[in-house]
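The values are calculated or read from the model by the stated rules, or taken from the named source; none is laboratory data. The shown structure was predicted, so the numbers you read here are calculated from the model rather than taken from an experiment. Note that each Cβ is placed from the backbone with ideal geometry, even for glycine, and that neighbours are counted across all protein chains shown.
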Amino acid sequence: MDGPGDRYHAQAPVDLAAIARNVAILRQRMNGSQVMAVVKADGYGHGITQAGRAAVDGGADWLGVVHVAEATRLREAGVTVPVLCLMALAEGAHADAIAAGVDLTAGTVSLVRQIAAAASRAGRPARLQLKADTGLTRGGATRAEWPAVVDAALAAQADGQVRVTGLWSHFACADDPGHPSVAAQLARFGEAADYAEKAGLTPEVRHIANTAGALTFPPSRLDLVRLGGAIYGLSTLPGGAPGWLRPAMTLTARLAQVKRVPPGTGVSYGHRYVTTAETTLGLVPLGYADGVPRGAAGRPLVQARGRRWPIAGTVCMDQFVVDFGDEPVSAGEEVVLFGPGDDGEPTAQEWGEALGTISYEIVTGIGGRVPRTYARAQARGPEGDVDA
Ligand SMILES: *Cc1c(COP(=O)(O)O)cnc(C)c1O
């Protein structure tokens, strides 16, 4: 293979056209709800500014992040759509968010007051969204705390310190379709939103659904859906994302060394794998420090020459070994750890299932040593080719 990939021992090509196209298709399917593309955690490992721009190209109305520093990176990259910080962080960064016109979240009276005070100092109102805890029991105001949070926001709004732009909550069990808590949380959020609006707040958006909720429970879509996994072609639903979404990240490596060994050869730390016949072993220069979990040992999660091959023995910090049998692979040859699955290669979904986790943990875990590359190749998919 020619091109910039030649310089890399391993790389994670990111298909930005797939992200743009996933967003465009999702937007059509959400019955008019606005789409917030969630690009926290470096765009789920895909690159926050690249993923954010691709999502906006695809029609994302909002972007969602966790930290203010993530939001300011997007602004510095020229992103002008509304951006919401999803976690209510009592940090010194409120002033930065206010200056960048980024929406903050608060679920406590003290945080509403801190944000109002930061806005006073900035001489400019903060955009503020209030978060209700409707049953996830993580961040946000409980039912008992909600009236006081609404009162504090109303007072700050009356003083010109904040503008309450949104009300939101988050599901606990949306990836278990039909779980009774999903409808119960939606009903509780409706009560919280009604309370706030009767008290005098006029939010632009009310939202509760993540990828799993938006895909499986249409009543939860409300004014806006917050889609993370779906925009990258992933989901936490059993079986992964629907086929009309396309996974955007691929992970490849070049064999660093190849050797022929006799039967009875112990391989890698602990000799947990011992060859049963003369065989060809290839060294893959990726390890658990790059996000290849140690639990992957023994699993047929590497593809080369159109076939799957098992990880032979312990995954080390920077490398692991693959048993290629009598296949005449050579050093420098490319292997695929995961991709969209077009050619039978594993997907991040399959890695997650094999390791007892979700695809999100796989893609966000790919370390900073693995360069993300952006070829902007044409997207392939069931609904036709789309140029980015
Ligand atoms: C991460 C996150 C999302 C996106 O969840 P997905 O399952 O990736 O769609 C939505 N809302 C909140 C509050 C989040 O933290």
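Observations, loosely collected:
- Residue in the stretch 48-58 that is buried (at least 24 other Cβ atoms within 10 Å of the Cβ) and more than 15 Å from the chain's Cα centre (by Cα) present: yes
- Condition met for residue 270 (surrounded by fewer than 17 Cβ atoms within 10 Å (Cβ to Cβ) and at positive phi): yes
- Residue in the stretch 191-209 that is farthest from the ligand (Cβ to nearest atom), counting only those that are in contact with a helix residue (DSSP H, G or I) (Cβ under 8 Å, 6 or more places away or on another chain) and outside any helix (DSSP H, G or I): 200
- Residues that are within 13 Å of residue 201 (Cβ to Cβ) and outside any strand (DSSP E or B), drawn from the stretch 98-124: 112
- Unmet criterion (only one of (1) of a type in the set (Gly, Ala, Ser); (2) farther than 23 Å from residue 129 by Cα; (3) in contact with a helix residue (DSSP H, G or I) (Cβ under 8 Å, 6 or more places away or on another chain)) for residue 266: (3)
- Condition met for residue 221 (outside the structural domain of residue 352 (by TED's automatic domain parsing), of a type outside the set (Ser, Thr, Tyr) and within 12 Å of the ligand (Cβ to nearest atom)): no
- With respect to the conditions (1) in a loop (DSSP other than H, G, I, E, B); (2) over 21 Å from residue 326 (Cβ atoms); (3) in contact (Cβ under 8 Å) with a residue 40 or more places away in the chain, residue 299 falls short on a single one, namely (2).
- Selected residue (only one of 188, 127, 143 is part of a strand (DSSP E or B), more than 13 Å from the ligand (Cβ to nearest atom) and either within 30 Å of residue 96 (Cβ to Cβ) or modelled with pLDDT of 95 or more (or both)): 127
- In the condition set (1) part of a helix (DSSP H, G or I); (2) under 30 Å from the mean Cα position of the chain (by Cα), residue 172 is compliant with all but (1).
- Of the residues screened, residue 182 is one that is in contact with a Cys (Cβ under 9 Å, 6 or more places away or on another chain), without any contact (Cβ under 8 Å) to a residue 40 or more places away in the chain and buried (at least 21 other Cβ atoms within 10 Å of the Cβ).
- Only one of the listed residues (86, 111) is within 15 Å of the ligand (Cβ to nearest atom) and at pLDDT 95 or above. That residue is 86.
- A search for C-beta distances below 7 Å between a residue of the stretch 349-371 that is over 18 Å from residue 336 (Cβ atoms) and any residue that is within 16 Å of the ligand (Cβ to nearest atom) and hydroxyl-bearing (Ser, Thr, Tyr), counting only pairs 6+ apart in sequence or on different chains, returns 358/236; 360/44; 360/236; 364/44.
- Pairs, first farther than 18 Å from residue 81 by Cβ and in a helix (DSSP H, G or I) in the stretch 20-41, second within 13 Å of the ligand (Cβ to nearest atom) and β-branched (Val, Ile, Thr), C-beta under 6 Å, six or more apart: 41/364
- Cross-chain or 6+ apart pairs with Cβ under 7 Å, the stretch 53-82 first and farther than 23 Å from residue 18 by Cβ, then part of a strand (DSSP E or B): 66/85; 67/85; 68/85; 71/65; 71/83; 71/85; 82/62; 82/103
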